[in-house]
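Inspection log for the structure reproduced underneath, given as structure tokens.
Rule-based calculations on the coordinates, nothing more; no lab input. Worth saying up front: this structure is predicted, and the values here are computed from it rather than measured. Backbone-built Cβ (ideal geometry, glycine too); neighbour counts: all protein chains shown.
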Amino acid sequence: MNLIFLGPPGAGKGTQAKRIVEKYKIPQISTGDMFREAVAKGTELGKRAKEYMDRGELVPDEVVIGIVKERISQKDCERGFILDGFPRTIRQAEALDDMLEEMGRKIDAVLNLVVPEEEIIKRIVYRRVCKSCGAVYNLIYSPPKVDGTCDKCGGELYQRDDDKEETVRERMRVYREQTEPLIEYYSKKGIVFNIDGKKDIEEVWKEIEKVLERIRS
Ligand code: AMP
């Protein structure tokens, strides 16, 4: 199963992708996570990406396309993958189509998480992430049991640099301008499934499971 998650930042793509990984045993490919890892390690890629990320802008297409191409040709992606945060521009989507075609594969479904903008801002500004295991919390909707500490591994929780309100607004603008057109791009191929992302995590997950069971049968 080759899947794409679409939806604005903070729609819940990462949270739901982790559930897909667990149930369907396919890897989550999050370009955002890959960049954050590179930034933390201080690699050349990380240094280049950080400039854009801090401003809420997109990293140049050729950089992102290169890292995704390398990642999806790895062995653990043979049975499928879930792309989270990629593609984000029409150019990235076209490049993805080309690389999959070369591999004799295609995208089976695009899960589009629909969430209104005011809700998004609230979610992101209160979002906290575990430094060690990447688990995601929200101080209002799903707070950790102990302030600042991950329930799962005891790691320290932090706020992503790009989760500050001003940057979030810029990321939303970029989403509307550059990423939203992908909904039409994939709708023309008849593979978009709209999911109501306003509901709580469990309900959203049930809707996603229904879609995935349908495309698997
Ligand atoms: P995310 O965690 O998906 O919200 O990504 C965080 C940041 O990483 C974005 O705001 C971009 O600066 C960068 N990024 C992640 N994925 C992409 C992509 N597919 N294309 C360009 N930039 C990306």
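The chain: D in µm²/s via Stokes-Einstein (Kirkwood Rh, Cα pairs, 25 °C, 0.890 mPa s)? Each step should come with its number before you reach the end.
Details: Rh = 17.8 Å.
So the translational diffusion coefficient is about 138 µm²/s.
Close amide-amide hydrogen proximity is noted between residue 194 and 112, each under 5 Å apart and 5 or more residues distant or on a separate chain (H modeled in the peptide plane; Pro and chain starts excluded). For the range 1-116, taking the reciprocal of the average inverse distance between every pair of different Cα atoms yields a Kirkwood hydrodynamic radius of 14.6 Å.
Only bridges whose two residues both fall in the chain count here: according to DSSP, what percent of them are antiparallel, nearest 5? Let's see the in-between values first.
Details: 7 of 23 bridges.
Percentage antiparallel, nearest 5: 30.
Each principal axis of the Cα atoms in the range 123-217 has its own extent, and those three values, largest first, are 45, 34, 22 angstrom. Centre-to-centre separation between the Cα atoms of the range 61-102 and those of the range 122-146: 28 Å. Per the Debye calculation on the range 57-127 with a single equal scatterer at every Cα and no solvent contribution, log₁₀ I(q)/I(0) for q = 0.18 Å⁻¹ amounts to -0.82.
Mind pulling the per residue volume of the convex hull built on the Cα atoms of the range 14-63? Å³ is fine. If you can, show how the numbers build up before the last one.
Numbers: hull volume 4.8 nm³, N = 50.
That works out to 96 Å³ per residue.
Given a Förster distance of 30 Å, report the FRET efficiency between residue 201 and residue 76 from their Cβ-Cβ distance, rounded to the nearest 0.05. Once the sixth-power term is evaluated, E becomes 0.70. The residues 100, 182, 6, when put in order of fewest to most other Cβ atoms within 10 Å, stand as 100, 182, 6. For the set 50/199; 13/210; 25/210, the pairs lying more than 25 angstrom apart at their alpha carbons are 50/199.
Among the trypsin sites (Lys or Arg not before Pro) within the range 87-128, which fall in a DSSP loop and have no more than 15 other Cβ atoms within 10 Å of their own Cβ?
Values: sites: 88, 91, 105, 106, 122, 123, 127, 128; in loops: 88, 105, 106.
Sparse-neighbourhood loop trypsin sites (Lys or Arg not before Pro): 105, 106.
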